[in-house]
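A.B. asks: The structure under discussion is supplied below as structure tokens; questions concerning it will follow.
Just so you know, all these numbers are worked out from the coordinates, no wet-lab data involved. Not measured: the values here are computed from a predicted model. Quick reminder, even Gly has a Cβ in these numbers, built from the backbone with ideal geometry, and neighbours come from all protein chains shown.
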Amino acid sequence: MKRKKVLLITVLTILLGAIATHLLLTNAPTTIRRDIADFSIRDTASIKKVFMADMNENIVKLERTESGKWLLNDTYEVRAENMATLFRTLIWIEVREPVPHRHLDDVLRLMAATSTKVEIYQRVYRINLFDRIKLFPHIKRTKTFFVGESTGDQMGTYMLMENASTPFVTYMPGFRGFLSTRFSAHKRDWRDPKIFRYRLSEIESVRIDFHEEPHESIKVVNNNDRTFSLYDVHNDMQAVNTFDTLKVLSFISSFDNISFEALVNHISIKDSILDSKPLHTITVDLFEGTANRIDTYKKWAIEGEEDLWGEPIIYDRDRMYAHINNGNDFVLIQYYVFDRILKTLSYFTGDENEHFDTAL
């Protein structure tokens, strides 16, 4: 009995010692102020706006609309997966260590030249009692910090809170890599690449002009009663009486997710391409009264590229250019994506095998 009592006292002593040590370490004073080292935001649902600007005058404003969508610079929808990545980063970001004093000047100089400024705006309440009674909501800038380059081991990212003098090395537990690319001030990294994203019930008609094969141009009209009409554009919009209705249904339904690959607004040959004859013109009219028209153009193949028989390839067989958003954007698109909607008159009537564009 005595031995058991001694053993119990020993165990209790060890446990109490461990608890006391934990409390001392947890409540010990620290030289790192929380307000200059806390880059995380747990309540991302309250974020209403994110503003980012870099030293090259690139500016991005991401703002949540009343409907819950995110808009880029008040114009374009934001790519949902990139917004989700940003939120995960803000939730889980942690400080690994302050920048060592011996590297402080170098890091500060580097951040002054290459960092991205990030401003977070959240919905907050002037009265908030225990997160149960919330009154007088308003939008407030809650955090402003600067995101710099990666550390030498590529496993951390330099960050500096506004009005602070000490930068920190940050990271995400479980993630191997740096975080700076998640705070990009380039519009191309945030913009949703959609060109057409319509439900069948939204589409009134679709017209496709094949400029190199005008006899294959079509117009499909949604009669809004589960039937469709097909017209031969080249023959004065003559109605086609016999066609494959299932193919037409599949064709119209394919406009639910047609996207571009990359924005190429600033390529040097843009003007000369736009001066050439388009390959296709695609026009989608919606029941709400708006229209979305794009023009596609051939893309030159890489110089010296040859096919399997050693013949030179003139035009790119995988990609072409497109002028979208009422002529405001020039983009790169893939045949793999657009082949779903570049359907010819003969494809629907069955007069010949499925059409393959001559640009291929």
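A.B. asks: Enumerate by residue number the chymotrypsin sites (Phe, Trp or Tyr not before Pro) in the stretch 169-251 meeting two conditions: DSSP loop (anything except H, G, I, E, B), and at most 15 other Cβ atoms within 10 Å of the site's Cβ.
C.D. replies: Here the chymotrypsin sites (Phe, Trp or Tyr not before Pro) that fit, given the DSSP loop and packing criteria, are 175.
A.B. asks: Within 10 Å of each residue's Cβ, count the other Cβ atoms and sort 216, 306 from fewest upward.
C.D. replies: Placing the least packed residue first, the sequence is 306, 216.
A.B. asks: Set Lys and Arg Cβ to +1 and Asp and Glu Cβ to -1, take the dipole of the chain about its Cα centre, and tell me which of 258, 282, 108 lies farthest positive.
C.D. replies: The residue sitting farthest along the positive end of the dipole is 108.
A.B. asks: Go ahead and run the numbers for FRET between residue 87 and residue 325, Cβ-Cβ distance against an R0 of 22 Å, rounding to 0.05.
C.D. replies: 0.25
A.B. asks: Where nothing but the Cβ of Lys and Arg (+1) and of Asp and Glu (-1) is charged, how large is the charge dipole of the chain around its Cα centre, in debye to the nearest 20?
C.D. replies: I would put it at about 3720 debye.
A.B. asks: Which one of 92, 172, 147 is farthest out on the positive end of the charge dipole of the stretch 34-189, using unit charges on Cβ (Lys, Arg +1; Asp, Glu -1) and the Cα centre as origin?
C.D. replies: Selected residue: 92.
A.B. asks: Taking just the alpha carbons, could you work out the radius of gyration and Dmax for the stretch 214-312, both in angstroms?
C.D. replies: 18.0, 53
A.B. asks: Compute the acute angle (0 to 90°) between the alpha-carbon long axis of helix 80-92 and the principal axis of greatest extent of the alpha-carbon atoms of the chain; round to the nearest 10°.
C.D. replies: Roughly 0 degrees, rounded to the nearest 10.
A.B. asks: Contour minus end-to-end for residue 73 and residue 53, with contour as 0.36 nm per residue of separation and end-to-end as the Cα-Cα distance?
C.D. replies: Length gained, residue 73 through residue 53: 6.0 nm.
A.B. asks: Using a Gaussian network for the chain with springs between C-alpha atoms less than 10 Å apart, which of these wobbles most: 58, 128, 224?
C.D. replies: Fluctuation is largest for 128.
A.B. asks: Give me 252, 282 sorted ascending by neighbouring Cβ count inside 10 Å, so fewest comes first.
C.D. replies: Ordered from fewest to most neighbouring Cβ atoms within 10 Å, 252, 282 come out as 252, 282.
A.B. asks: For residue 267 and residue 80 in the same chain, what is the full-extension length gain: residue separation times 0.36 nm, less their Cα-Cα distance, in nm?
C.D. replies: 64.6 nm
A.B. asks: Next question. Using the Karplus curve 6.51 cos²θ - 1.76 cosθ + 1.60 with θ = phi - 60°, what ³J(HN,Hα) values do you get for each residue of the stretch 44-54, in whole Hz, with x for Gly and Pro?
C.D. replies: Using θ = phi - 60°, the values come out as 6, 5, 8, 6, 10, 7, 10, 10, 9, 8, 10 Hz.
A.B. asks: Provide, for the stretch 195-349, the number of lysine pairs with alpha carbons under 12 Å apart, each pair being eight or more places apart or on different chains.
C.D. replies: Lysine pairs meeting the criterion: 5.
A.B. asks: Lysine pairs in the stretch 34-189 with Cα distance under 14 Å, only those 8 or more apart or on different chains: how many are there?
C.D. replies: Lysine pairs, 8 or more places apart or on different chains, close enough: 13.
A.B. asks: Right, here's the next one. At 0.36 nm per residue, minus the direct Cα-Cα distance, what do residue 96 and residue 126 gain on full extension? Give it in nm, one decimal, please.
C.D. replies: Length difference between fully extended and current span is 7.5 nm.
A.B. asks: Okay, moving on. Roughly what percent of Cα-Cα pairs across the chain reach past 25 Å?
C.D. replies: 68
A.B. asks: Note down the nm distance, to one decimal, between modelled labels 7 Å out along Cα→Cβ at residue 246 and at residue 65.
C.D. replies: Those two pseudo-labels are separated by 3.7 nm.
A.B. asks: Using a simple charge model, +1 on the beta-carbon of Lys and Arg, -1 on the beta-carbon of Asp and Glu, nothing else, what dipole does the stretch 226-360 show about its Cα centre, in debye to the nearest 20?
C.D. replies: With only Lys, Arg, Asp and Glu charged at Cβ, the dipole is about 400 debye.
A.B. asks: Same structure again: Got the relative contact order for the chain handy, in percent, Cα pairs under 8 Å and 6 or more residues apart?
C.D. replies: The value is 12 percent.
A.B. asks: Any idea what angle helix 2-26 forms with the longest principal axis of the chain, computed on alpha-carbon atoms, 0 to 90 degrees, nearest 10?
C.D. replies: Roughly 60 degrees, rounded to the nearest 10.
A.B. asks: Starting with the fewest neighbours, write out 204, 97, 66 ranked by other beta-carbon atoms found within 10 Å of each beta-carbon.
C.D. replies: Placing the least packed residue first, the sequence is 66, 97, 204.
A.B. asks: Something else: What is the spin-label model distance, in nm, from residue 211 to residue 189 if the labels are put 7 Å beyond Cα along the C-beta direction?
C.D. replies: 3.5
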